[in-house]
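Just so it is clear, none of the values below were taken in a lab; they were calculated from the coordinates. Everything numeric here is computed off the predicted structure, so don't read it as measured data. In this analysis, Cβ positions are derived from the backbone assuming ideal geometry, glycine residues included, and neighbour counts consider all displayed protein chains.
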């Protein structure tokens, strides 16, 4: 292009209104072009970060289909999955009180109200009676979303009631444990539940009624120091964190770095604390086989 033609083109461009000029296209890189899109809520696996639809994850009992990571499972959903038929829910008549008038960053009744609204449950333990294959049994499950699955008086009431019913009807009791320990807002009354639940378990043992514990992620504190470690058989889900004091507390005490898999189910299996690590998909059949052998059923 000659110098004259260039000057003419520049003059024409200057004479054109900026509103009439063509807007240049902007290239936006497709950073997530391989990421699938979903029309329903998704769940992200904390291990491999795969996105799985809520429905698919529910059908797979909250086990990641990509890496087999066991995600947290709500207590009510777990019990409905465990039983072929639910006959009855127990313990709804028990309600929490505020015996100490306890206030930390907020009053205890307010904290309870928020937990109930968040989870849709009244307490951190759900108790049901139902049938697994052809065997009737009782089962309780901790809801970790409810104040960390902490054990207060209502949790103790519901557990003891389930144990007493299991003893009365000579039917097995299964416990799915997931807790951070005792509930500090109830003080000594919370710690007393350790003794109450332990006494109820001892009565089951003396009567020869099976009590099986399934340790899920995580189990700590007063629950570990009582009902979670008094089973006839202790099963655990893969990679579940199990202990009394937390890992960071122990590290600060002994001034030593504790490497994986410390306090994992695999570590406890090696040291004789856990009898067997069972994949969630195999839990129902494993518990059924153990129960039939312990009760000498055909």
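Which FRET efficiency value, to the nearest 0.05, is calculated for residue 88 and residue 292 with the Förster distance at 25 angstrom and r the Cβ-Cβ distance?
Details: r = 22 Å, r/R0 = 0.89.
Between residue 88 and residue 292 the formula returns 0.65.
Classify region 30-174 as rounded, prolate or oblate from the Cα gyration tensor: take a ≥ b ≥ c as the square roots of its eigenvalues, call it rounded if a/c is under 1.5, otherwise prolate when a/b beats b/c and oblate if not. Can you show the working numbers first?
Numbers: a/c = 3.09, a/b = 1.36, b/c = 2.26.
Verdict is oblate for region 30-174.
Is the C-alpha gyration tensor of region 73-294 telling us rounded, prolate or oblate? Criteria: a/c under 1.5 is rounded; beyond that, a/b larger than b/c is prolate, otherwise oblate. Please list the in-between numbers first.
Working: a/c = 1.64, a/b = 1.10, b/c = 1.49.
Note, shape of region 73-294 comes out oblate.
Give me the angle, in degrees from 0 to 90, between the Cα long axis of helix 187-207 and the longest principal axis of the Cα atoms of the chain, rounded to the nearest 10.
60
Mind sorting 58, 39, 226 by how few other Cβ atoms lie within 10 Å of their own Cβ, fewest first?
Numbers: 58 14, 39 6, 226 23.
Exposure proxy ranking, most exposed first: 39, 58, 226.
Round to the nearest 0.05 the FRET efficiency obtained for residue 245 and residue 195 when R0 = 22 Å and r is the Cβ-Cβ distance.
Working: r = 20 Å, r/R0 = 0.91.
E between residue 245 and residue 195, to the nearest 0.05, is 0.65.
Output the 0 to 90 degree angle, nearest 10, between the alpha-carbon long axis of helix 283-294 and the longest principal axis computed from the alpha carbons of the chain.
Helix 283-294 and the main axis of the chain meet at about 10 degrees.
From the square roots a ≥ b ≥ c of the eigenvalues of the alpha-carbon gyration tensor of region 176-226, which class results: rounded (a/c under 1.5), prolate (a/b over b/c), or oblate?
Details: a/c = 3.81, a/b = 1.35, b/c = 2.83.
Oblate, because a/c is 1.5 or more while a/b does not exceed b/c.
Could you tell me the distance between the Cα centroids of region 142-160 and region 206-226, to the nearest Å?
13
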